[in-house]
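Right, one structure below, let's go through it.
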Amino acid sequence: MPEIVGVVERLWRYPVKSTGGELLDSVAVEERGLVGDRLYAVRDGAGKLGSGKSTRRFRRMDGLLRLSARLGNRIDGPELFDPLGMPVPDPDAFLRAYLEQEDVALAREDAVSHFDELPVSVLTTATLDWVARAVPTTVVDERRFRPNVLLRTPPGTPPFTEDGWFGREGRVKGGVRLAFVRASVRCAMVGAAQPGLPHAPEILKTIAHERDTELAALATVARPGLLRVGDALSLA
């Protein structure tokens, strides 16, 4: 018998990489991930993507997390919102002024993937509750960890239950199948300030000390389908 591990409580899509996301009631999931997720990014003149860190592919651009984006049913690109939640009429002009960088623009994904690691991230309420208990001096909610799926787990579920999913397949009634691969490696973004959430570097310090910076589960899409709030996730 399949083992039901939780119910989808919230679905998040992040149309622009490293900015705030949008809550959805349902979303189509394709091989690439949630349709429209991280489909756009802030790209500089060298082709690097705006992020919370600097690597070969990414360039640290402080302040992106104070912005948010919504795709909705738009096909011509996402709607960008400033730190006060007001829509931005000209995203490129706004980003250049806001970041004080003349070489940045909003760009659709092409040959370079916008994902840091794997396309779908799942966080359980059991693990999120552990973070809140471990760091009681700051505000903790799932936006700090940027999951695609917040999964409501049954009472008594131990934290880090996601660790037992690796190598297994998660399934929902809508046909989606997720192949769980590994934990997500966390960076300073978990403590970065964003609307309603103050700067909290102690979150990363705690996760680094207790979990070697790993938290939540990453998956690839084994079978596309529809994912909805209220769906029960079972492990094959």
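The values are calculated or read from the model by the stated rules, or taken from the named source; none is laboratory data. Predicted, not measured: the structure shown is a model, and the values here were computed from it. Cβ: placed from backbone, ideal geometry, glycine included. Neighbour counts: every protein chain shown. All accessible areas refer to the heavy atoms of the entire protein, side chains included, with ligands and DNA or RNA removed. Shrake-Rupley method; radii C 1.70, N 1.55, O 1.52, S 1.80 Å.
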Quiz prompt | Spin-label model distance (nm) - THR55 vs LYS173, 7 Å beyond Cα toward Cβ | solution = 3.7
Exercise. Using the Karplus curve 6.51 cos²θ - 1.76 cosθ + 1.60 with θ = phi - 60°, work out ³J(HN,Hα) for each residue of the stretch 42-52 in order, rounded to whole Hz, and write x for Gly and Pro.
Key: 8, 10, 9, x, 8, x, 7, 9, x, 8, x
Practice problem: Just round it to a whole percent: the fraction of Cα-Cα distances in the chain exceeding 31 Å. | Solution: 20
Quiz item: If packing is taken as the mean number of other Cβ atoms within 10 Å per residue, what is the order of 47-55, 215-223, 178-186, highest first?
Solution: 215-223, 178-186, 47-55
Quiz item: Under 30 Å Cα-Cα from LYS173, which lysines qualify once same-chain neighbours fewer than 8 residues away are excluded?
Solution: LYS17
Self-check item: Accessible area (Å², per residue) of the chain, counting only protein heavy atoms and a probe of 1.4 Å
Solution: 47
Exercise. Report the full-extension gain for the segment ALA97 to SER26: residue separation times 0.36 nm, less the Cα-Cα distance, to one decimal in nm.
Key: 22.1 nm
Practice problem: Would you tally the net charge around VAL221, using a Cβ to Cβ cut-off of less than 10 Å, leaving VAL221 out, and scoring K and R as +1, D and E as -1? | Solution: +1
Self-check item: Residue-averaged 222 nm ellipticity for the chain, from DSSP H runs of 4+ at -39500 (n - 2.57), nearest 500
Solution: -3500 deg cm²/dmol
Practice problem: Run the dipole for the chain about the Cα centre, Lys and Arg Cβ at +1, Asp and Glu Cβ at -1, nothing else charged, and hand back the magnitude in debye, nearest 20. | Solution: 320
Self-check item: Cβ-based charge dipole, the chain, positive-most Cα from VAL29, ALA97, LEU67
Solution: VAL29
Exercise. Mind ranking 196-203, 77-84 by how tightly packed they are, going by the mean number of other C-beta atoms within 10 angstrom, highest first?
Key: 77-84, 196-203
Practice problem: Show which lysines lie in cross-link reach of LYS205 when reach means a straight Cα distance below 21 angstrom and same-chain residues fewer than eight apart are skipped. | Solution: LYS53
Quiz item: In sequence order, what are the phi-derived ³J(HN,Hα) couplings for the stretch 24-41 according to the Karplus relation 6.51 cos²θ - 1.76 cosθ + 1.60 with θ = phi - 60°, rounded to whole Hz, with x for glycine and proline?
Solution: 10, 7, 7, 7, 6, 10, 10, 4, 6, x, 5, 4, x, 6, 6, 5, 10, 8
Exercise. Averaging sequence separations of C-alpha pairs under 8 Å and six or more residues apart, then dividing by the length of the chain, give the relative contact order as a whole percent.
Key: 27
Exercise. Whole Å is fine, so just give me how far the alpha carbon centre of the stretch 183-214 lies from that of the stretch 99-119.
Key: 22
